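Each value in this text was obtained by applying a stated rule to the coordinates, not by laboratory testing. Everything numeric in this text was worked out from a predicted model, so none of it was measured. As a convention, Cβ positions derive from the backbone with ideal geometry for all residues, glycine included, and neighbour counts pool all protein chains shown.
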Amino acid sequence: MREFKDEEGRPWRVALTIGSVLRVRDMVSVDVVDEDGDRRQQPFDMADAGQIAQTFQVLRSQYAKIGEILYAILVKQIEDRKLTREEFLDGLRGDSLDAATKVLEQELVDFFPPRLRKMVGLLASKMDEVSSEMLTKAEASLAAATVESLAGQSGMPSGKPQESSASTPASGPSDSSSLLVTAA
């Protein structure tokens, strides 16, 4: 069992157990893409060892989903404090959300029996290395980018002057088109 504090300074004790995993599965769904490329909703079974890499991807990228997962795990504590779902979720952002995510990941690793725990912990560690390297590269690339290169990638006008009208075809019928005129 681990603890984090939300933005309001309220402490929350997170324990990933069979009961809390089943609550998450009953209360939280994730989008999955099937073999045909169709999206559908599926219950989030965070204890499925065969899908553990996808579970970590959700925990590292879908921050609103993390709030839903924490709500499902902590629902009894939330009710005991007479908070609404909204009030609990409003306490998650920035540093507190990061702390909650780390606690959740550590609990996930410790949830599994020893024969799987080492593998799950190693996967989490390797994912940390990969995401750290990717973030470093992305930050360096962004720091080196120019406004023009970023605007060009976004599809926004770059601020460069348009080509002269001499190179732009005139609007309206051309010399080679036929003009259809109808009488009123």
Worksheet entry | Relative packing of peptides 121-134, 55-68, 98-111 - highest average C-beta neighbours within 10 Å first | 98-111, 55-68, 121-134
Discussion item. If I model a spin label as a point 7 Å beyond the Cα along the Cα-Cβ vector, how far apart are those points for Met27 and Arg115 in nm?
Written reply: 3.2
Worksheet item: Using modelled amide H (1.01 Å from N, peptide plane; none on Pro or chain starts), what sits under 5 Å from the amide H of Val14, excluding residues fewer than 5 places away?
Response: Arg2, Glu3, Phe4
Fill in: Within straight-line cross-link reach of Lys137, lysines at Cα separation under 21 Å, skipping those fewer than 8 residues along the same chain
Lys126
Discussion item. Need one word for the stretch 61-156: rounded, prolate or oblate. Basis is the Cα gyration tensor (sqrt eigenvalues a ≥ b ≥ c); a/c below 1.5 gives rounded, then a/b vs b/c decides.
Written reply: oblate
Worksheet item: Taking a threshold of 24 Å on the Cα-Cα distance, which of the pairs Lys5/Lys118; Lys65/Lys118; Lys5/Lys82 fall above it?
Response: Lys5/Lys118; Lys65/Lys118
Worksheet item: Any idea what the relative contact order of the stretch 1-107 is, in percent, if you count C-alpha pairs under 8 Å spaced at least 6 apart?
Response: 36
